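Engineer: Handing you this structure, nothing more for now.
The values are calculated or read from the model by the stated rules, or taken from the named source; none is laboratory data. Because the structure is a prediction, the values reported are computed rather than measured. Cβ atoms come from the backbone with ideal geometry, glycine included; neighbour counts cover every protein chain shown. Accessible surface is based on the protein model in full, side chains and every heavy atom, while ligands, DNA and RNA are left aside. Shrake-Rupley method; radii C 1.70, N 1.55, O 1.52, S 1.80 Å.
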Amino acid sequence: IGEFGEMNLNRFLEMIHKEKIAIEPSNIWALSSAIGFKALGNGIGVPPLMSEFIFDLYAGKRLTKILDPFANFGQLLFPFYESENNYKIYGFCHNDELFKSSKFFMPKSNLIFKENLTTSLKKDLLDGLGKFDLILSAPPINLRMEPNLVSNKKVRNLFCDQLVAICGDSLSENGEII
């Protein structure tokens, strides 16, 4: 098991796929806690219960376009991606390994690699992507950065707060953020 911790996550996923072992993003959360993939750190993402709860909460609502602006490896988006409702799935991955692993799980999603997302959050982050019916995310808590002006208001210097404020401008008329 220790050898897996030194392994690149994408290499690990290739091995799993080659052996025809079924795996989904929520399994990576448990594995990262147990194995501690070196490149990702320990305990990355959210518990599977959280993604299941959010999916169940919104399962009966009329949604077409969903965004996770801090998609990690797509575990919050995956239940929507796998559903039969043909949601348009968008997500930002902040490093190349997370981007590639997210694409492994959701090859037909609209994932975007946003390098340095946690160090240089820009107000134009969502330009050109249109409006979203649901924005869901679990960005890192207490990550500090330079304060930003969003909608002419100074937002606290926490990454979470700035990300939510920026995303709020891209909600559809009845859209929600969780």
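Engineer: Please enumerate the residues belonging to segment 97-147 that are exposed (fewer than 12 other Cβ atoms within 10 Å of the Cβ) and basic (Lys, Arg).
Structural biologist: Residues satisfying the conditions are Lys108, Arg144.
Condition check ((1) more than 13 Å from the chain's Cα centre (by Cα); (2) closer than 24 Å to Ala30 by Cα; (3) at pLDDT 90 or above) across all residues:
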site: Gln75; (1), (2), (3): no, yes, no
site: Phe80; (1), (2), (3): no, yes, yes
site: Ser83; (1), (2), (3): yes, yes, yes
site: Lys88; (1), (2), (3): yes, no, yes
site: Phe99; (1), (2), (3): no, yes, no
site: Ser102; (1), (2), (3): no, yes, no
site: Phe105; (1), (2), (3): no, yes, no
site: Lys114; (1), (2), (3): no, no, no
site: Lys123; (1), (2), (3): yes, no, no
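Engineer: Does any residue in segment 71-97 that is over 20 Å from Gly130 (Cα atoms) and in contact (Cβ under 8 Å) with a residue 60 or more places away in the chain come within less than 8 Å, Cβ to Cβ, of a residue that is surrounded by fewer than 19 Cβ atoms within 10 Å (Cβ to Cβ) and of a type in the set (Lys, Arg) six or more places away or on a different chain, and which pairs are these?
Structural biologist: Listed pairs, sorted by first residue: none to list.
Engineer: Just to verify a result, which residue in segment 148-168, among those that are more than 19 Å from Asp68 (Cβ to Cβ) and among the charged types (D, E, K, R), is surrounded by the fewest Cβ atoms within 10 Å (Cβ to Cβ)?
Structural biologist: Taking the candidates together, the pick is Lys153.
Engineer: Tell me which of these Pro79 doesn't satisfy, since it passes every other one: (1) of a type outside the set (Val, Ile, Thr); (2) in contact with a Ser or Thr (Cβ under 7 Å, 6 or more places away or on another chain); (3) open to solvent by 10 Å² or more (accessible area, probe 1.4 Å); (4) more than 24 Å from Arg11 (Cα to Cα).
Structural biologist: With respect to (1) of a type outside the set (Val, Ile, Thr); (2) in contact with a Ser or Thr (Cβ under 7 Å, 6 or more places away or on another chain); (3) open to solvent by 10 Å² or more (accessible area, probe 1.4 Å); (4) more than 24 Å from Arg11 (Cα to Cα), Pro79 is out only on (4).
Engineer: Within segment 124-178, work out how many residues are within 23 Å of Phe73 (Cα to Cα), in a strand (DSSP E or B) and aliphatic (A, V, I, L, M).
Structural biologist: 5
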